[in-house]
Amino acid sequence: MKSENSFSMTVLSKSSNESFVRSVVSAFALSLDPTVEEISDIKTAVSEAVTNCIVHAYKDTIGKIYINCDIKDNVLTVKIRDRGIGIENIEQAMEPLFTTSDDERAGLGFAVMQSFMDSIRVRSVVGKGTTVTLKKHISVRYATKKQ
Amino acid sequence: MKSENSFSMTVLSKSSNESFVRSVVSAFALSLDPTVEEISDIKTAVSEAVTNCIVHAYKDTIGKIYINCDIKDNVLTVKIRDRGIGIENIEQAMEPLFTTSDDERAGLGFAVMQSFMDSIRVRSVVGKGTTVTLKKHISVRYATKKQ
Amino acid sequence: MAVDIVVKGEVLTARLVGEIDHHTAYYIRKEIDAAIELNMPSLLILDFERVTFMDSSGIGLVMGRYKNISKRCGELHVVGAKPQIYKVMKLSGLERLVKLEMCSQEAKK
Amino acid sequence: MAVDIVVKGEVLTARLVGEIDHHTAYYIRKEIDAAIELNMPSLLILDFERVTFMDSSGIGLVMGRYKNISKRCGELHVVGAKPQIYKVMKLSGLERLVKLEMCSQEAKK
Ligand SMILES: Nc1ncnc2c1ncn2[C@@H]1O[C@H](COP(=O)(O)OP(=O)(O)O)[C@@H](O)[C@H]1O
Ligand SMILES: Nc1ncnc2c1ncn2[C@@H]1O[C@H](COP(=O)(O)OP(=O)(O)O)[C@@H](O)[C@H]1O
């Protein structure tokens, strides 16, 4: 397939990189010719996952966030990985409104990822880190041939 | 320093990634609050280096391009590396108008990098690959505090 | 990111401009809370018309301001949210606590 | 990237829109060369007014069209280049071969 592509990147867990990473992933996803709503869903979900690495995984420290992204058969896959504190109880963590933070977090990060993407998979080992894998199918639209 | 930051990324040598990489580097450089001209210089130089990996290093094949980028003391450093065919004679390659390609290349890629950035360093081993390191100092401007 | 604060009588309007995420929410929160402290409004209006992006940090921001203004017996309205912003807000069930109005164009749909 | 072609008598104007790099230059080149083949103009005008980015691939593009039109005894003008585009063109010494005009606003500076 012509549009198969992938990239990987590593950024520091600085809060200014939240906007950087979501704009990189959305620039990458543009080759799938997504709708405005699809792009905005992707940006929002990626922003949640990256923010979690910064706020939870590497709380009070600076660590590395690893992003892997690929496009295949019109599906965008984004994998966001940290080597931070990990999650003890993933099921509980994914419940809407659950948060371990007192810093005005709404506890809705996972809920946003779940509802804005087609699928989410979370793997985590306490003390080792967490990997969140997000997938979204981008609908093929008629004419618009990209140059 | 507050604005110290870095990222690294790996992309495939597909020509559609020329615009992707230059927009990623320019999004990253935005935290230095560059002028329109500075951003455009950076985009142009990065575009040249990435295009060279695609057109020359991995001619007729698809390989990986490695980008390392950091910001320190208001200097942006961009390192672009390939594991392609390498350059036999770097001095000759850097001469304006020199090109080994017949495909309407102007032979001005290195000339653009040289004149649009503050410094360029090229290291290459034939059969192993090439690393181009570009640096540009971004002038500090008055008020504009970034959020 | 920027916040424009306008006070008219008992009404404090905070117009948010740009992208709201965890990084920018901190600054917005400080600005608005300082203005509440100073003006003691009975109604706080958060205007999202010029917000171009928001993730769940924005929900935390709205909830936090709701708590702040409620404890002073004031009310909170959210206006001007574009579709992407509204989508995030709806997910949170915010509308059960706060008066939500989408931006005028969108509301007609 | 897009190319709008306008033909008026002996003059063929190609308006380039978007970003010119190695990836997009291939398509632009094909479009323009096909139009030259068809219309046999004595003057080719490349209008860069709506070009938002260009690297040295754009120089290759201009030089290639210069060769093509020259061998048919035609002339080439480049108009509307914004500062960033003009900067790349100047580096190439293109102005010794081709009539270069910056976009009107910039020319006044
Ligand atoms: N990458 C991560 N590393 C460690 N803990 C995490 C990570 N992501 C999420 N969590 C845990 O899951 C909880 C719920 O996350 P989320 O739904 O995004 O809400 P919020 O970020 O608002 O707390 C967090 O409060 C935190 O305890
Ligand atoms: N990454 C690279 N790998 C191998 N050869 C390269 C690379 N970059 C440049 N070169 C060589 O240097 C020459 C000059 O490069 P440049 O000045 O960018 O002009 P152009 O790309 O138009 O040929 C190229 O034609 C090629 O032979």
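Quick note: the coordinates plus some simple rules give every number you see, no bench work behind them. None of the values given here were measured: they were computed from a predicted structure. Here the Cβ positions follow ideal geometry from the backbone for every residue, glycine too, while neighbour counts run over all protein chains shown.
What order do you get for A:Asp60, A:Asp103 when you list them from fewest to most C-beta neighbours inside 10 Å?
A:Asp60, A:Asp103
Here the protein assembly as shown carries DSSP beta bridges of which approximately 70% are antiparallel, counting only pairs with both residues inside.
According to the calculation over all Cα-Cα pairs in the stretch B:69-113, the P(r) per 5 Å bin from zero is 5, 17, 18, 23, 16, 11, 7, 2, 0 %.
Shielding by partners for peptide A:9-17, expressed as the average number of C-beta atoms from other protein chains within 10 Å of each residue's C-beta, is 6. Shape summary of the protein assembly as shown, radius of gyration then Dmax from alpha carbon positions: 25.7, 83 Å. About its Cα centre, the protein assembly as shown has a charge dipole of approximately 320 debye under the convention of +1 per Lys or Arg Cβ and -1 per Asp or Glu Cβ, with nothing else charged. If you wrap the stretch B:5-137 in the convex hull of its Cα atoms and look at it from every side, the mean projected area works out to 7.4 nm².
Counting only DSSP beta bridges whose two residues both lie in chain D, roughly 30 percent are antiparallel. Rg/Rh for the stretch C:1-51 stands at 0.96; both radii use Cα atoms, and Rh follows the Kirkwood definition. Here chain D has an Rg and Dmax of 12.7, 38 Å, counting Cα atoms alone. Which entries in A:Lys14/A:Lys128; B:Lys59/D:Lys82; B:Lys136/D:Lys99 show an alpha-carbon gap greater than 22 Å? Going by Cα-Cα distance, B:Lys59/D:Lys82; B:Lys136/D:Lys99 fall outside the 22 Å limit. For the stretch A:15-73, rounded, prolate or oblate, judged on the Cα gyration tensor with a ≥ b ≥ c (square roots of eigenvalues), a/c < 1.5 rounded, else prolate if a/b > b/c? Prolate. Of all aspartates and glutamates in the structure, those lying under 18 Å Cα to Cα from A:Lys72, and not within fewer than 8 positions of it along the same chain, are A:Glu4, A:Asp33, A:Glu38, A:Asp118. Under 5 Å between amide hydrogens, built in the peptide plane, is the criterion, and for D:Arg50 it picks out D:Leu16 among residues at least 5 positions away or on other chains.
Working from label points 7 Å from Cα in the Cα-to-Cβ sense, the B:Glu95 to B:Val126 distance is 1.7 nm. By the helix-only formula, in which each DSSP H run with n ≥ 4 contributes -39500 (n - 2.57) and the sum is divided by residues, chain B has a 222 nm mean residue ellipticity of -9000 deg cm²/dmol. Pairs of alpha carbons in the stretch A:59-147 separated by more than 23 Å make up 33% of all such pairs. Taking other C-beta atoms within 10 angstrom as a stand-in for reagent exposure, D:Arg96, C:Arg15 fall in the order D:Arg96, C:Arg15, fewest first. Over all other residues within a Cβ to Cβ distance under 10 Å of A:Ser47, the charged ones net out to -3, with Lys and Arg as +1 and Asp and Glu as -1. For chain A, the relative contact order comes to 27 percent (Cα pairs under 8 Å, sequence separation of at least 6).
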